[in-house]
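What follows is a short report on a single structure.
The values are calculated or read from the model by the stated rules, or taken from the named source; none is laboratory data. Owing to the predicted nature of the structure, the values given are computational and were not obtained by experimental measurement. When we count neighbours, we look across all protein chains shown, and the Cβ atoms used for this are built from the backbone with ideal geometry, even at glycine.
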Amino acid sequence: MIHLLFRYLLREITKGIALALSVIGSLVFIVDFVELSRRMDAQPDVTSLQILRLTLLKMPSMIEQTLPFIVLFGVMLVMFRLNRRSELVAMRAASMSAWQFALPAVLVAVLIGIFGTAALNPLAARLATQFEQERIALLQDEDVEAKIIRKALWFREAVDDGIVVIRAGNVIAQTASLYDLTFFYYTLAEDGTPIVGHRIDAKNAVLNPGFWQLKNATQRSQFDPPKHYETLAMPTKIPPSALLGNSVRASSFSIYALPTMIAESKKAGFGTRRYSLQWHQLLSLPLTLAAMALIGAAFSFKLVRLGGTLRMALTAGAAGFALYFASDLLQTLGATQVLPPVIAIWAAPVFVFIAGLARFTILEDG
């Protein structure tokens, strides 16, 4: 009997989460379509079909972001429906414990989290990149403007006889092109103190695999006269992908690409914290969804005849939003190096999961 009820709950919870997905996904789709239509008003050649395509390309990443709320509201919907039809009463009469009610919801949430991390995330990252490329192509007059990062980019690289610090005024990340560059070369004394060597200024450069291709470059040093080069190739160990990764959002990379980006960025002298935060966030998705499912089930478990249904629904929803905002706050503290990435990402879902377990302990054991 218990096994039949367990399978029944699994089926009902899956259907409830699918219903929540369809409702929330539809709302997100409509809002995104309207927003993209508003932004594309200035482009008379853009059709509704093109906007529809852009919206569809963006949908997987939006679904990935809303997965915690989809699971939360899906589990709450199932529990309230079972409660209203007095099925929870019948299951309790069949000696089904509160833990056996929670287990199907947590199991489905964990499976969805694994699917979201292993399959949905790579798809969302790939389609989000395609979305940006097509959006830029449609914004004809803003094509180059959309690609250029209008702030100075600083990074360094270790070379055989010291280090080189590179400053770029503007960057087109998609083509690994940099503008208004200055290369500062330093040699290292025996005690490790950097000593100024020479500098190279260039109008623009392209980062190719294994070398920089500079144009209109001028080399200056303290004792030698300036030397001008129309073109100048300089060896480098910085891969173009590391430059691209340092210039775009960490969420643009899938979970399978992040370890490589972390290694290459560290090798190139770039910061890796935002990649580490994104890596841990994706790894923690199953636990986050399990915490949402547990909270949704815990606060929807009380029998309807005892009253307080609306209060329980508001409490569960508030707990879900609290988890979201707490995760966002902790991630901000992690990005500013106040907290290590592991604590910044894992603390909130672990705390909420333990709170859900405590709630079920009180329900079952009093």
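Things worth noting here:
- When 61, 22, 37 are checked against the criterion of being of a type in the set (Ser, Thr, Tyr), out of contact with any strand residue (DSSP E or B) (no Cβ under 9 Å at 6 or more places or on another chain) and farther than 29 Å from residue 109 by Cα, a single residue qualifies: 37.
- Looking only at residues in the stretch 327-347 that are of a type outside the set (S, T, N, Q) and in contact (Cβ under 8 Å) with a residue 40 or more places away in the chain, the one that is surrounded by the fewest Cβ atoms within 10 Å (Cβ to Cβ) is 342.
- Residues that are part of a strand (DSSP E or B), closer than 26 Å to residue 265 by Cβ and not small (Gly, Ala, Ser), drawn from the stretch 216-238: 232, 234, 235
- For the stretch 52-76, a tally of residues being of a type in the set (A, V, I, L, M) and surrounded by fewer than 21 Cβ atoms within 10 Å (Cβ to Cβ) returns 6.
- Residue match in the stretch 41-53 (condition: part of a helix (DSSP H, G or I), within 23 Å of residue 292 (Cβ to Cβ) and small (Gly, Ala, Ser)): no
- Checked against (1) farther than 30 Å from residue 58 by Cβ; (2) modelled with pLDDT of 80 or more; (3) not in a strand (DSSP E or B), residue 213 meets all criteria but (3).
- Within the stretch 24-35, the set of residues being touching a residue at least 24 places away in the same chain (Cβ under 8 Å) and either within 13 Å of residue 70 (Cβ to Cβ) or of a type in the set (A, V, I, L, M) (or both) comprises 24, 25, 28.
- Positions within the stretch 41-84 being among the acidic types (Asp, Glu) and at pLDDT 90 or above, in sequence order: 64
- Of 232, 244, all but one fail to be surrounded by 15 or more Cβ atoms within 10 Å (Cβ to Cβ), more than 21 Å from residue 115 (Cα to Cα) and modelled with pLDDT under 80; the exception is 244.
- Any hit, the stretch 92-105, residues being buried (at least 23 other Cβ atoms within 10 Å of the Cβ), modelled with pLDDT of 90 or more, among the aromatic types (Phe, Trp, Tyr) and under 21 Å from residue 317 (Cβ atoms): no
- Residue tally, condition of a type in the set (A, V, I, L, M, F, W, C), in contact with a helix residue (DSSP H, G or I) (Cβ under 8 Å, 6 or more places away or on another chain) and under 22 Å from residue 67 (Cβ atoms), over the stretch 323-350: 11
- Residue 103 within 21 Å of residue 357 (Cβ to Cβ), touching a residue at least 12 places away in the same chain (Cβ under 8 Å) and of a type in the set (A, V, I, L, M): yes
- Qualifying residue in the stretch 320-332 (condition: among the β-branched types (Val, Ile, Thr), more than 19 Å from residue 113 (Cα to Cα) and modelled with pLDDT of 80 or more): yes
- Filter result for residue 34 (over 28 Å from residue 288 (Cα atoms), outside any helix (DSSP H, G or I) and either among the basic types (Lys, Arg) or under 30 Å from the mean Cα position of the chain (by Cα) (or both)): no
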